[in-house]
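J.: Please read through the structure below; I'll follow up with questions.
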Amino acid sequence: MPIPLVHHPDYSFPFPERHRFPMEKFGLLADHMRSQGLLTAGNSYRPAPCRQAWLTQTHSPDYLARFAGNRLSARETRQMNLPWSPGLVRRTFLAPSGTVLTAQLALQHGVACHLAGGTHHAHFDYAAGFCILNDLAIAANVLLRQGGIKRVLIFDVDVHQGDGTAALLAVEPGAFTCSIHCERNFPFQKQVSDLDVALPDGMGDRDYLAVVSETLQKALELSRPDIVLYDAGVDVFQGDPLGKLNISEPGIRERDYQVLSELKRRGIPVATVIGGGYDDDRVKLARRHGIVVEEASRVFGSG
């Protein structure tokens, strides 16, 4: 049985080609998943725009309105580091809903994968690091307000700290934030997650995989979650221009396999998001983002 995949064609839209943020990767990832036979009409789910009530329980209503209406200040726009457009607004209000949908599907099926998401630098009333709204925090807040979900673990292995997620969920006792990130990398002012693991520049596969495994065990013991939101960033890759770590593609594959296998073994539902990845070769980047879907299909696909 194919695992549920969440995607929307508007995740990629006309965007400056030379911009550091690879907006086209979402469409390329969906194309790659189709070519692998992993994304079909039978397992494809498309989100609707995010409900206002979901947005305002995590973000400032004033900020949301000013972003939607292109009324951010010049400083705020610089901090966002993305050129405003109606296409950007549309995708921004779709993607958090996609992560919520992915989480709901994971609760039904044990696993689901979002072909976007992981915008973990967005804060209550400002954007940062290409992140405008924090889909992980939004999804956690939605989940914790529905019946049967008391604890959500956000397990974030993007190379950059999930600072916005940590700040937004700091006073939410039902959410446990865990970030494994490169210490000397953006954001340069770190927030305090429930569990932070800072890695040195240049760390390779063996040490990294040991840290991920050990940290996952610790996070699971501390949080006892009903569901895990897994931010499987591929900017840990040795060739990523914003990375600073030295992880190979087989290392990324093994990381995702060991995380997903452990969650399946424990019977904990998992929703994956793709997180960061900035390789200038956008096709290779999209394939790298596909690793988590391939591994989820391998671990869970046999039932």
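FYI, it's all coordinate maths here, none of it is from the lab. Values in this document were obtained by computation on a predicted structure and should not be read as measured data. Every residue, glycine among them, receives a Cβ derived from its backbone with ideal geometry; neighbour counts consider all protein chains shown.
J.: In percent, how large is the relative contact order of the range 73-211, given Cα pairs closer than 8 Å and 6 or more residues apart?
T.: Once divided by the residue count of the range 73-211, the mean separation gives 17 percent.
J.: Assuming 0.36 nm per residue, please report the length gained on full extension of the stretch S85 to Q52 beyond their Cα-Cα distance.
T.: In short, 9.9 nm is gained.
J.: Straight-line reach only, C-alpha to C-alpha below 27 angstrom: list the lysines that K218 could link to, leaving out same-chain residues fewer than 8 apart.
T.: Here the lysines satisfying the reach criterion relative to K218 are K150, K190, K244, K264.
J.: Sticking with this structure for a sec: Please give the calculated 222 nm ellipticity per residue for the chain, where each DSSP H segment of at least 4 residues contributes -39500 (n - 2.57) and the sum is spread over every residue; nearest 500 deg cm²/dmol?
T.: That calculation yields -12500 deg cm²/dmol at 222 nm.
J.: So, in nm, how far is label E172 from label D62 when the simple model puts each one 7 Å beyond its Cα toward the Cβ?
T.: 2.2
J.: I need the peptides 101-111, 288-298, 153-163 ranked by packing, meaning the mean over residues of other C-beta atoms within 10 angstrom, with the highest value on top.
T.: Answer by packing, highest mean first, reads 153-163, 288-298, 101-111.
J.: Here's a follow-up. Where both partners of a DSSP beta bridge lie in the chain, what percent of those bridges are antiparallel, to the nearest 5?
T.: Percent antiparallel among DSSP bridges in the chain is about 5.
J.: Applying a 10 Å radius around every beta-carbon, put 141-147, 112-118 in order of their mean neighbour count, most first.
T.: 112-118, 141-147
J.: Which order do the peptides 78-87, 129-138 take when ranked by the mean count of other beta-carbon atoms within 10 Å per residue, highest first?
T.: Ranked from most to least packed, the peptides come out as 129-138, 78-87.
J.: Okay, next question. What full-extension length gain, to one decimal in nm, is calculated for F21 and Q36 as 0.36 nm per residue of separation minus the Cα-Cα distance?
T.: Net length gain for the segment: 2.9 nm.
J.: Could I have the simple spin-label model distance between S248 and F13, label points 7 Å from Cα toward Cβ, reported in nm to one decimal?
T.: With each label point 7 Å from Cα toward Cβ, the separation is 4.1 nm.
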